1. Starting from residues that are without any contact (Cβ under 8 Å) to a residue 40 or more places away in the chain and either more than 37 Å from the chain's Cα centre (by Cα) or closer than 18 Å to A:Q732 by Cα (or both), keep the ones in region A:774-799 and report whichever is nearest to RNA strand B (Cβ to nearest atom).
2. Kindly provide the set of residues from region A:22-46 that are of a type in the set (V, I, T) and crowded, with 19+ Cβ neighbours inside 10 Å, ordered by number.
3. Name the single residue that is farthest from A:V705 (Cα to Cα) among those in region A:758-768 being in contact with a Ser or Thr (Cβ under 9 Å, 6 or more places away or on another chain) and acidic (D, E).
4. Could you list all residues from region A:704-740 that are surrounded by fewer than 20 Cβ atoms within 10 Å (Cβ to Cβ), within 11 Å of RNA strand B (Cβ to nearest atom) and not basic (K, R)?
5. Quick check on A:Y55: is it closer than 16 Å to A:G583 by Cβ, under 30 Å from the mean Cα position of the chain (by Cα) and assigned to a helix (DSSP H, G or I)?
6. Give just the number: which of (1) within 13 Å of RNA strand B (Cβ to nearest atom); (2) crowded, with 21+ Cβ neighbours inside 10 Å does A:V376 not satisfy?
7. Identify, by number, the condition in (1) within 13 Å of RNA strand B (Cβ to nearest atom); (2) assigned to a helix (DSSP H, G or I); (3) over 28 Å from A:P414 (Cβ atoms) that A:D306 doesn't meet.
8. Look through region A:262-279, keep the residues that are surrounded by 15 or more Cβ atoms within 10 Å (Cβ to Cβ) and either in a strand (DSSP E or B) or near RNA strand B (Cβ under 10 Å from one of its atoms) (or both), and return whichever of them is nearest to the chain's Cα centre (by Cα).
Amino acid sequence: MEYNHKEIESRWQQYWRDNNTYRAEINPDKKKFYVLDMFPYPSGAGLHVGHPLGYIASDIYSRYKRLQGFNVLHPMGYDAYGLPAEQYAIQTGQHPEKTTTENIARYRNQLDKIGFSFDWNREIRTCDPEYYKWTQWAFMQMFDHYYDLKADKALPISDLVAHFAANGTEGVTAACGKELNFSAAEWNAMTEKEQREVLMNYRIAYQGETMVNWCEALGTVLANDEVSEGVSVRGGHPVEQKVMNQWCLRVSAYAPRLLDDLNKLEWSESLKETQRNWIGRSEGAEMKFGVKDSDLQLEIFTTRADTIFGVTFMVLAPESEYVAQLTTPEQKEAVEAYLKEVSHKTERERQIDKRVSGVFTGSYAINPLTGKEIPVYVSDYVLAGYGTGAIMAVPAHDSRDYAFARHFNLPVIPLIEGADVSEESFDAKEGIMINSEGPELNLNGLQVKDAIAKTKKFIEEKGLGKVKVNYRLRDAIFSRQRYWGEPFPVYYKDGVPYLMDTEALPLLLPEVDSYLPTADGQPPLGRAKGWHTPEGYPIELCTMPGFAGSSAYYLRYMDPRNNEALVSKEADEYWQDVDLYVGGAEHATGHLIYSRFWNKFLYDLGLVVKDEPFRKLVNQGMIQGRSNFVYRIKDTNTFVSHGLKDNYDVTPIRVDINLVSNDILDTDGFRAWRPDFKDAEFILEDGKYHCGYAVEKMSKSMFNVVNPDDIVERYGADTLRLYEMFLGPLEQSKPWDTNGIDGVNRFLKKLVGLFSKTDPEDNTPMSKEVRKSVHKLIKKVTQDIENFSFNTSVAAFMIALNELTALKSTNREAMETITILLAPFAPHLAEEFWHQLGHDSSVADAKWPEWDENALKEDTVKYPVSFNGKSRFVIEAPADATPKQVEDMALTNPAAAKWIEGKTVKKVIVVPGKIVNIVVG
RNA sequence: GCAGAAAUGGUGGAAUGGUAGACACGAGGGACUUAAAAUCCCUUGGCCUUUAUCGGCUGUGUGGGUUCGAGUCCCACUUUCUGUACCA
């Protein structure tokens, strides 16, 4: 029988569409299971074979759960706002919406061919007003709430206003940008504008002067996770630090919860660790140092309070407010010159330039424990954004301070017994303290750990400072000076921002004549006509960043067409959270933090029932490209085969992988590929031209992109699905290599052949051997799916087929069981088989089989017999034989004599069902 | 620097502490065919022995350890990949 994959696949895809087979509805009688993929950004390049890897895995799991009787929610949509569409719009003048819509149509077309069980009725797009209405709405909620540290949750800003009116800041426990103190009377005397400015320090979505990553080339600010090694992740443009007034989200207030709740999640240890590092909790102390001839208190953060006797200087970040306050008139010129120099450097230049630089402010701080005067410097190795932007420098025990001290000839005082600081600092937090005795505190002889504790206690008692936990996690910058994003539902009155009415939502993205910034440097929305409220108040010109739309999309899928709420109470209570989330690990410090934050905020407001959005997370590996090379002999048009290239002086040239099959070049095709190669000559091996290969990123410029459409066209979606899973462990990165796909395709063809011989009317029971084979498969496939070990389950199908072929079995019951097991992997073919066997309904409504352990039991057990751990031969014992009987069988076996001869048997170990090991000597 | 993961044939990769290399690709040989494709059968970690079987030795990055027995557990090291970094 012929395996016509095109006909079979299009027919069943149509059947699923016609019957709404994968539509999900709330059904209180069934247990829910929510399987989610990270929705794609629809880029202009379309899908390559790497993109569907995770979708196939999640689809297998969804179909499997459904067969097990769960009510499965498995939606898909598009993360449609983003920089590439806008960059393209700038170049071509086309509206990003147009290109985005086109790209989405292309993605959909490609996805449909692979036969996913998505419920497309629930599709969402982040750029759809019906969707971004709720992104804007969530922003408004954040604007209207503050974080209460005592309640440890977000509370309405109106509570805070009431508190201020009654008590001022007295007794307020709110996460706040800066320390504020005022009385109720002072509050009540403020103008509305002043009050709003004060509140801005408390809002969860707030506007503030912050140090931002400014990317000149993109004309916008970027979040920390959008910058890597000083350049933008998208495009690789340089990024510099700049102070700007921006919208921010107070993610930092959630840092402790984001950290602690990681423990609840079934995520990979490495991903959780990445988030822990990103959140970056460190316990330390904030301490105040007096300043000579001044009332100023210099506040610093340190995790090494114990090293206070070794402080020989202080350092301020260039952007620190203290710099202006501490610079003496004599040093003013030098400091300003230094600040100017530093501000011209981009983030990247600062990172690359490891040279020590800095300047003396002219001021001296007073060490509170020794009373000694210590100089205060400015240097860019201290970061304004972390701690207080000022440090106490302990050169003996910090390598950065050490380098600085050596450069400026500052004293180095060792504080730990046996530490040699003549060449480098001793950074380890262990050892016995020395040189640490002052009038009020003596740390000498203590272990570092105890010294830290003792010092912390001391400074708290003396009011010199307080114990503090610091987090590296920054507030998220939420403004983008861009067009293609969600507009802020915010207008400005008297220079301060006000929220629009919720009735104004969705606030539609206006048309503009160009997607570039305005002549006076305003964002593109500055070009929009009528971009003001009916009263004439101007509307915010920035738009929201990419992560805004992707932070709560999983909630919207639960109830995508709801016009009254982000998600209804009913839908949220039924679907709750994502049971399985599949996607790339590259979102560890971006989307996966923001989503958790966003969800916790909505949880605080009582709008969602779960405080974590993604219960289990699986990261699929990246599929890399496999580029092929030909080798041109220098200054000729002659190409030499890979095995012979070392005999010549050659230049490797990438060749389009479509001209190569199993690393053998289609030489005629190559000549036709490009005019330069028209007259190419080849030096062959065994009559063939063998290409070399390398594993690289899959990209057009490397000629190594494999389009899933081509694979589906040639082999069918079922083959693609099985092969992608067969490629290797899901979580591992691996190169795409089309070479092995024939094996999988062959397997399906053989299966089709076997089914064609199966009689749908056959009612004979399975033979013992067939039954064993089938139940072995049920067990293996079930366990493998649970463990996301899809590659081994595909292998198990192949083994089962080989066994059934060897047994010459076409038993109907066996084939029916295999069909159900196959349904998650190769749904089209399974559907075809299912109907062939006489069923009218979809195989998706079948029941997942259970295995019978008894069917797997053998009458006899094979025991490998080892001597001193080395296996020598195999004996077959009855399954019910006692260990003693097995031992006797092993020892009396004729083959044993050879290994025992001339030696004594010291010990015999029989592990029932496993092995016999005989120790001789 | 720090953190995490990994290292097994020509290749992708299998192996609850119990006969390492399942399954697949590739390669070699054979059958069918006028021929090719497709299909089917056999061989395939390395080395040695044998006409062939039978058989032996060796083998999971390196060095130790635990164990009757280690690819698997423990310690140290090497290399690779990923993430992150003047975070005080």
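The values are calculated or read from the model by the stated rules, or taken from the named source; none is laboratory data. For clarity, every value in this text was computed on a predicted model and none was experimentally measured. Neighbour counts run over all protein chains shown; Cβ positions are idealised from the backbone, glycine included.
1. A:T792
2. A:V35
3. Once the filter is applied, the top-ranked residue is A:D762.
4. Matches in region A:704-740: A:G728, A:P729, A:E731, A:Q732, A:S733, A:P735, A:D737, A:T738, A:N739, A:G740.
5. yes
6. (1)
7. (3)
8. Applying the filter and picking the extreme gives A:L271.
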